[in-house]
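Peer 1: Submitted below is the structure of interest, expressed as structure tokens.
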Amino acid sequence: RMKKDNKSNGNASTSTSTMTKTLQIPSAFPQYRTRMFLGFVALSVLYCGSIAAFDPLQRLMKLPPSAAEFCRNNGEEEEKCWRADLFAFEVVSGLALMWCGYKGFYAWHVKKIKTLTPDTPEGRLFGYIEEANLLCAVSTTFQLFDLAVSLLIPEQRQFLFVCHHIMAATVSWYGLNNQYFHYYGVFYLGCSEISTIPLVAIDLAKFFPPVPGTGYDVFVGAVCGPLFAITFTFYRVI
């Protein structure tokens, strides 16, 4: 009888061990690794291309000169300058954030993932959502790119900015590698970035102050300002 019990216990242990192995969640990184690398290269090419094409773009857009505080040569303020690096940084950031905002909006409001995920703590923590994996992969790639470029631009090379990029990349990476927090990932990596999109235009106006009364000035003040306030309140406060 003791032998029988031992055998039963052994079978139970084997079943438990097998079940434990079955419940392990694989990393999603191998599935996205190549696309993340290509994405990083694409962002880098876009950044360098925006710098290379800045002169004709600046004339086409009738972009005003950079603010005096951003025009320095050997520590001395220049009379006028146009900072191509700041322009390129905002262009790449704007495009990346628009993609994240669109993906988050679609998953949250159109696909309504809240109704597809079990309404339990376990469901919100471990429920699988394909869009969340995409957002985690894109966010990791973008934050690493942002970190690398920020180290090259004095205005972006600030302690808080660098810490933000490192922490955001780390959180996104863990979401992708361990495939958890998908429910929250869609909201915080996607929907919350919707409010950041108009902020890109506002930041651009800080670097290139618009002439009062121009279309650029009206767009930033009358459109982007209120839009940022509304989306920030809706997605980040309420």
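Peer 1: Need one word for the range 154-231: rounded, prolate or oblate. Basis is the Cα gyration tensor (sqrt eigenvalues a ≥ b ≥ c); a/c below 1.5 gives rounded, then a/b vs b/c decides. Provide the component values of the computation, followed by the final result.
Peer 2: Working: a/c = 4.68, a/b = 1.82, b/c = 2.57.
Cα axes put the range 154-231 in the oblate bin.
Peer 1: Using a/c under 1.5 as the rounded threshold, could you call the range 115-187 rounded, prolate or oblate? The axes a ≥ b ≥ c are square roots of the C-alpha gyration tensor eigenvalues, and prolate needs a/b larger than b/c, oblate otherwise.
Peer 2: prolate
Peer 1: Checking a compactness column here: for the range 82-134, what do you get for Rg(Cα) / (2.2 N^0.38 Å), N being the number of residues?
Peer 2: On the way: Rg = 16.2 Å, N = 53, 2.2 N^0.38 = 9.9 Å.
Rounded to two decimals, the normalised Rg is 1.63.
Peer 1: How far is the Cα center of the range 156-229 from the Cα center of the range 109-137, in Å?
Peer 2: 22
Peer 1: What does the accessible area per residue of the chain come to in Å², with a 1.4 Å probe and no ligands, DNA or RNA counted?
Peer 2: 60
Peer 1: What relative contact order, as a whole-number percentage, does the chain give when Cα pairs under 8 Å and 6 or more residues apart are counted?
Peer 2: Rounded, it is 26 percent for the chain.
Peer 1: Quote the FRET efficiency, to the nearest 0.05, computed for Ile25 versus Ala53 with a Förster distance R0 of 41 Å and r equal to the Cβ-Cβ distance.
Peer 2: FRET efficiency, Ile25 to Ala53: 0.40.
Peer 1: Report the paramagnetic label zone for Met61: residues of the range 91-105 whose backbone N is under 18 Å from a point 7 Å from Cα along the Cα-to-Cβ axis.
Peer 2: The answer is 91-99, whose backbone nitrogens lie closer than 18 Å to the label point.
Peer 1: Could you tell me the accessible area of His164 in Å² (1.4 Å probe, neighbours in place), rounded to the nearest ten?
Peer 2: It works out to around 100 Å².
Peer 1: What does the C-alpha gyration tensor say about the overall shape of the range 45-166? Classify as rounded when a/c is under 1.5, otherwise prolate if a/b is larger than b/c, or oblate.
Peer 2: Prolate.
Peer 1: Let me ask you something else. Roughly speaking, to the nearest percent, how much of the chain's 1.4 Å accessible area is carbon and sulfur?
Peer 2: Carbon and sulfur atoms account for 65 percent of the accessible area of the chain.
Peer 1: May I ask you to compute the full-extension gain from Ala42 to Phe161, defined as 0.36 nm times their residue separation minus their alpha-carbon distance, rounded to one decimal in nm?
Peer 2: Values: separation 119, 0.36 × 119 = 42.84 nm, distance 2.23 nm.
Difference between extended and current length: 40.6 nm.
Peer 1: Can you sort Asp217, Asp55 by solvent-accessible area, 1.4 Å probe, largest first?
Peer 2: Largest accessible area first, the residues go Asp55, Asp217.
Peer 1: Taking the chain, how many lysine pairs are there with alpha carbons less than 25 Å apart, if each pair must be eight or more places apart or span two chains? If you can, show how the numbers build up before the last one.
Peer 2: Working: Lys7/Lys21; Lys62/Lys80; Lys62/Lys206; Lys80/Lys206; Lys103/Lys111; Lys103/Lys112; Lys103/Lys114.
Lysine pairs satisfying the spacing and distance rule in the chain number 7.
Peer 1: Then there's this: Suppose R0 equals 35 Å. What FRET efficiency, 1/(1 + (r/R0)^6) with r the Cβ-Cβ distance, do Ile202 and Tyr174 give to the nearest 0.05?
Peer 2: That gives a FRET efficiency of 0.70.
Peer 1: Pick from Ala137, Ala168, Ala52 the residue whose mean-square fluctuation is largest in a GNM of the chain, springs joining Cα atoms under 10 Å.
Peer 2: Sorting by GNM fluctuation, first place goes to Ala52.
Peer 1: Using the 2.2 N^0.38 Å rule of thumb for compact globular proteins, work out how the chain stacks up: its C-alpha Rg over that value, please.
Peer 2: The chain yields a ratio of 1.34.
Peer 1: Please flag any cysteine in the chain that has no other cysteine's Cβ under 4.7 angstrom from its own Cβ.
Peer 2: So, Cys48, Cys100, Cys136, Cys163, Cys191, Cys224.
Peer 1: A further question follows. Add +1 for every Lys or Arg and -1 for every Asp or Glu among the other residues with Cβ under 15 Å from the Cβ of Tyr183, and state the total. Write down the numbers at each step before the final one.
Peer 2: Numbers: positive: Lys103, Lys111, Lys112, Lys114, Arg124; negative: Asp119, Glu122, Glu130, Glu131.
Residues close to Tyr183 contribute a combined charge of +1.
Peer 1: Can you order the peptides 103-114, 30-41 by their average number of other Cβ atoms within 10 Å per residue, highest first? Mind dumping the intermediate values first?
Peer 2: Working: 103-114: 16.7, 30-41: 13.8.
Going by the mean number of other Cβ atoms within 10 Å, highest first, we get 103-114, 30-41.
Peer 1: Now for a separate question. Can you give me the distance in nm between label points at Leu125 and Ala222, each placed 7 Å from the Cα along the Cα-to-Cβ direction?
Peer 2: 5.1
Peer 1: Now for a different question. Return the tail of the calculated pair distribution for the range 44-116, meaning the percent of Cα-Cα pairs more than 14 Å apart. Show your work: numbers first, answer last.
Peer 2: On the way: 1827 of 2628 pairs.
Roughly 70 percent, rounded to a whole number.
Peer 1: I want the local charge near Leu144. Using Cβ-Cβ distances under 15 Å, sum +1 for each Lys or Arg and -1 for each Asp or Glu among the other residues. Could you put the intermediate results ahead of the total?
Peer 2: Numbers: positive: Arg33, Arg35; negative: Asp146.
Taking every Cβ under 15 Å from that of Leu144, the sum is +1.
Peer 1: Between beta-carbons, use under 12 Å as the cut-off and find the net charge around Tyr106, counting Lys and Arg +1, Asp and Glu -1.
Peer 2: Once all neighbours under 12 Å are counted, the net charge is +1.
Peer 1: Gaussian network model of the chain, Cα springs within a sub-10 Å range: biggest mean-square fluctuation belongs to which of Leu86, Leu57, Leu227?
Peer 2: It is Leu57.
Peer 1: Separate question: With a 1.4 Å probe and all protein chains kept in place, how much accessible area does Val45 have, in Å² rounded to the nearest 10?
Peer 2: So the heavy atoms of Val45 present about 90 Å² to solvent.
Peer 1: Just to confirm the number: angle between the C-alpha axis of helix 29-52 and the first principal axis of the chain, 0 to 90 degrees, nearest 10?
Peer 2: Helix 29-52 and the main axis of the chain meet at about 0 degrees.
Peer 1: Springs between alpha-carbon atoms under 10 Å, Gaussian network over the chain: tell me which of Leu189, Leu147, Leu176 tops the mean-square fluctuations.
Peer 2: Leu147
The values are calculated or read from the model by the stated rules, or taken from the named source; none is laboratory data. Not measured: the values here are computed from a predicted model. Cβ atoms come from the backbone with ideal geometry, glycine included; neighbour counts cover every protein chain shown. Quick note on the areas: whole protein, heavy atoms, side chains included, nothing else; ligands and nucleic acids left out. Shrake-Rupley method; radii C 1.70, N 1.55, O 1.52, S 1.80 Å.
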